[in-house]
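Visitor: Shown below is the structure under consideration.
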Amino acid sequence: MLQLGVIGTNWITQQFIESAQQTHTFQLREVYSRTQEHAHNLINQVNGTDTLITTDLTKFFASPEFEVVYIASPNSLHFQYICQAIAANKQVIVEKPMVSTRAEFLQIQELLQNHPGIYVLEAARHIHEPEFATLKQQVQQLDRIDGATITYRKYSSRYDLVLTGQEPNIFSPKFSGGALSDLGVYLLYDAVCLFGQPLSAQYLPQMIATGVDGQGTIVLHYDHFDVTMLVGKISNSILPSEIYSGKKTLSFDDGGTVRKIWNNYNDWQFTGTDHNPMLAETEVFAQIIQQKDQTQFNQLWQIADQVNQLLTQIRLAAGIKFAADRSEA
């Protein structure tokens with residue numbers, strides 16, 4: 001049984017803990033939160049027993065009660081927490097995006113080289129789900145790729161706060177927010193996993209009052225085709241995503257949570273089951289940690305590396321600057 005500590009007490013942490021409990025390989029042991037109240041609420045929601053609470057980050061990472069930490073803090077804090085976890089010889093599962101900048105990613109990579117046996121796993125949950133595996137199989141069966149349009153636009157209730165003049169974390173450059181970092185990372189994972197690394201890429205953002213992108217269009221250029229991706233947190237889209245191959249079109253619901261896949265050439269369709277979307281990734285991460293599966297970790301790290309390169313490159317080229325960028329100047 002893997003002993004688990006968590007940072008963050010919002011809905012995504014609850015969902016991860018519930019998936020971890022379903023695997024029967026994790027036991028929640030400790031919660032770090034800035035407030036006791038939030039930690040107590042989380043523990044009650046997941047029926048945690050004998051779970052410790054700390055509001056002191058140094059004491060949290062020094063705790064012998066857990067060996068794996070799940071990090072679901074604001075994006076800008078991921079790097080700091082990952083570094084502290086590695087120094088404490090804790091295994092790390094961190095919400096996407098793993099870090100804010102390219103320099104941070106490379107520093108984490110160097111730390112891992114000096115701490116063999118420690119893994120840092122980016123929780124890009126959707127690429128581990130069986131529905132995504134089915135989509136990938138269907139893409140591989142196509143004769144050729146002529147292009148794709150992938151969509152992931154979901155209106156965030158936090159945007160209502162922006163409209164009143166506030167700056168919530170997910171729309172703040174201080175906390176490395178914006179549509180590209182929050183949802184675009186899913187689409188970049190889609191592209192890298194389905195089509196490989198593009199030759200070049202660009203992002204055309206629609207900026208909002210807080211200084212980050214509310215929505216935008218990503219264009220990835222491959223040797224013989226382009227992939228256009230629509231991402232946003234200030235509007236909703238009901239458009240399906242499509243992959244083109246001559247007369248054939250392979251469709252799926254959206255780039256962040258694949259549940260339905262269908263095509264226009266042989267009346268085939270596939271509908272996934274209703275399940276905790278984090279379950280598959282949690283099972284994969286548990287296997288890597290318990291079996292010390294360096295090969296599988298290396299494969300995931302290579303994908304994370306490619307996504308981080310793309311994410312940083314197109315963000316900076318589009319003129320979106322974070323506080324984390326200034327700290328590296």
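The values are calculated or read from the model by the stated rules, or taken from the named source; none is laboratory data. Only a predicted model underlies this, so the values are computations on that prediction, with no experimental measurement involved. Quick reminder, even Gly has a Cβ in these numbers, built from the backbone with ideal geometry, and neighbours come from all protein chains shown. We work out accessible area using only protein heavy atoms, side chains counted, and drop any ligands, DNA or RNA first. Shrake-Rupley method; radii C 1.70, N 1.55, O 1.52, S 1.80 Å.
Visitor: Kindly list, by first and then second residue, each pair from a residue in region 290-301 that is touching a residue at least 24 places away in the same chain (Cβ under 8 Å) to a residue that is loosely packed, with under 14 Cβ neighbours inside 10 Å, limited to pairs with Cβ atoms under 8 Å and residues at least 6 apart or on different chains.
Guide: LYS292/GLY117
Visitor: Quick one: in region 294-329, which of the residues that are open to solvent by less than 40 Å² (accessible area, probe 1.4 Å) and charged (D, E, K, R) is nearest to GLN15 (Cα to Cα)?
Guide: Restricting to residues being open to solvent by less than 40 Å² (accessible area, probe 1.4 Å) and charged (D, E, K, R), the top hit is ASP305.
Visitor: Let me ask something additional. If we keep just the residues of region 267-314 that are assigned to a loop (DSSP other than H, G, I, E, B) and touching a strand residue (DSSP E or B) at 6+ places or on another chain (Cβ under 9 Å), which is modelled with the highest pLDDT?
Guide: First, pick out the residues of region 267-314 that are assigned to a loop (DSSP other than H, G, I, E, B): 267-268, 272-278, 292-293.
Still in the running and touching a strand residue (DSSP E or B) at 6+ places or on another chain (Cβ under 9 Å): 268, 272, 278.
Working: TRP268: 93, GLY272: 91, MET278: 96.
Only one residue fits best here, namely MET278.
Visitor: While we're looking at this one, here's another question. Inside region 35-50, can you point out the residues that are out of contact with any Leu (no Cβ under 6 Å at 6 or more places or on another chain) and either without any contact (Cβ under 8 Å) to a residue 12 or more places away in the chain or not β-branched (Val, Ile, Thr) (or both)?
Guide: Keep residues of region 35-50 that are out of contact with any Leu (no Cβ under 6 Å at 6 or more places or on another chain), which gives 35-47, 49-50.
Of everything in region 35-50, those that are out of contact with any Leu (no Cβ under 6 Å at 6 or more places or on another chain) and either without any contact (Cβ under 8 Å) to a residue 12 or more places away in the chain or not β-branched (Val, Ile, Thr) (or both) turn out to be GLN36, GLU37, HIS38, ALA39, HIS40, ASN41, LEU42, ASN44, GLN45, ASN47, THR49, ASP50.
Visitor: Something else now. In region 255-269, what residues are open to solvent by 40 Å² or more (accessible area, probe 1.4 Å) and in contact with a Lys or Arg (Cβ under 8 Å, 6 or more places away or on another chain)?
Guide: ASN264, TYR265, GLN269
Visitor: Starting from region 183-200, keep only residues that are over 18 Å from GLN215 (Cα atoms), then list their pairs with residues that are part of a helix (DSSP H, G or I) whose Cβ atoms are within a distance under 6 Å, requiring at least 6 positions of separation or different chains.
Guide: Pairs found: VAL192/ILE303; VAL192/GLN306; VAL192/VAL307; CYS193/ILE127; LEU194/VAL139; GLN197/GLN306.
Visitor: Which count do you get for residues in region 246-266 that are of a type in the set (Lys, Arg) and in a loop (DSSP other than H, G, I, E, B)?
Guide: To start, the set of residues in region 246-266 that are of a type in the set (Lys, Arg) comprises 247-248, 259-260.
Keeping just the survivors that are in a loop (DSSP other than H, G, I, E, B) gives 247, 259.
Looking only at that region, the number is 2.
Visitor: Okay, moving on. Restricted to region 43-75, and to residues that are open to solvent by 30 Å² or more (accessible area, probe 1.4 Å) and of a type in the set (Ser, Thr, Tyr), which residue is nearest to ASN10 (Cα to Cα)?
Guide: Narrowing region 43-75 to residues open to solvent by 30 Å² or more (accessible area, probe 1.4 Å): 44-45, 47, 49-50, 52-53, 55-56, 58-59, 62, 64-65, 67, 74.
Then keep just the ones that are of a type in the set (Ser, Thr, Tyr); that gives 49, 55, 58.
Numbers: THR49: 19, THR55: 16, THR58: 21 Å.
Of everything passing the filter in region 43-75, THR55 is nearest to ASN10 (Cα to Cα).
Visitor: Can you tell me which of LEU183, LEU230, LEU187, LEU194 is under 28 Å from PRO130 (Cα atoms) and in contact with a helix residue (DSSP H, G or I) (Cβ under 6 Å, 6 or more places away or on another chain)?
Guide: Numbers: LEU183 fails: in contact with a helix residue (DSSP H, G or I) (Cβ under 6 Å, 6 or more places away or on another chain); LEU230 fails: in contact with a helix residue (DSSP H, G or I) (Cβ under 6 Å, 6 or more places away or on another chain); LEU187 fails: in contact with a helix residue (DSSP H, G or I) (Cβ under 6 Å, 6 or more places away or on another chain).
None of the other options fit; the residue is LEU194.
Visitor: What tally of residues in region 20-42 results from selecting those that are in a helix (DSSP H, G or I) and buried (at least 21 other Cβ atoms within 10 Å of the Cβ)? Quick ask: steps written out before the conclusion?
Guide: Our first condition is that a residue be in a helix (DSSP H, G or I); within region 20-42, this holds for 20-23, 36-42.
Now narrow it down to the ones that are buried (at least 21 other Cβ atoms within 10 Å of the Cβ): 20, 39, 42.
Total satisfying the criteria: 3.
Visitor: For region 131-245, which strands (runs of 3 or more DSSP E) that fit wholly inside it have 3 or more residues that are farther than 20 Å from ASP305 by Cβ and open to solvent by 60 Å² or more (accessible area, probe 1.4 Å)?
Guide: On the way: elements: 147-153, 200-207, 213-221, 226-232, 241-245.
Strands (runs of 3 or more DSSP E) meeting the threshold: 200-207.
Visitor: Just to be sure I understand the filter: pairs with C-beta atoms under 6 Å, separated by 6 or more residues or on different chains, first member in region 303-327 and farther than 12 Å from SER181 by Cβ, second member open to solvent by 50 Å² or more (accessible area, probe 1.4 Å). Which pairs pass?
Guide: If the second residue must be open to solvent by 50 Å² or more (accessible area, probe 1.4 Å), the pairs left are GLN306/GLN197; ALA323/LYS174.
Visitor: Could you check how many residues of region 1-34 are touching a helix residue (DSSP H, G or I) at 6+ places or on another chain (Cβ under 8 Å), touching a residue at least 40 places away in the same chain (Cβ under 8 Å) and not β-branched (Val, Ile, Thr)?
Guide: The number of residues fulfilling the criteria is 8.
Visitor: Within region 56-91, how many residues turn out to be in a strand (DSSP E or B), over 21 Å from LEU311 (Cα atoms) and among the β-branched types (Val, Ile, Thr)?
Guide: Filtering region 56-91 down to residues in a strand (DSSP E or B) leaves 68-71, 91.
If we keep only those that are over 21 Å from LEU311 (Cα atoms) as well, we get 68-70, 91.
Checking which are among the β-branched types (Val, Ile, Thr) leaves us with 68-69.
Number satisfying all stated conditions: 2.
Visitor: Picking from LEU121, LEU111, which residue would you name as being surrounded by fewer than 17 Cβ atoms within 10 Å (Cβ to Cβ) and either assigned by the TED database to the domain that holds THR13 or in contact with a Phe, Trp or Tyr (Cβ under 9 Å, 6 or more places away or on another chain) (or both)?
Guide: Numbers: LEU121 fails: surrounded by fewer than 17 Cβ atoms within 10 Å (Cβ to Cβ).
The conditions single out LEU111.
Visitor: If you check every pair at least six apart or on different chains, which have Cβ atoms under 9 Å apart with a residue in region 154-165 that is on the phi > 0 side of the Ramachandran plot first and a residue that is of a type in the set (A, V, I, L, M) second?
Guide: Pairs that qualify, where the first residue is on the phi > 0 side of the Ramachandran plot and the partner is of a type in the set (A, V, I, L, M), are GLY165/ALA209.
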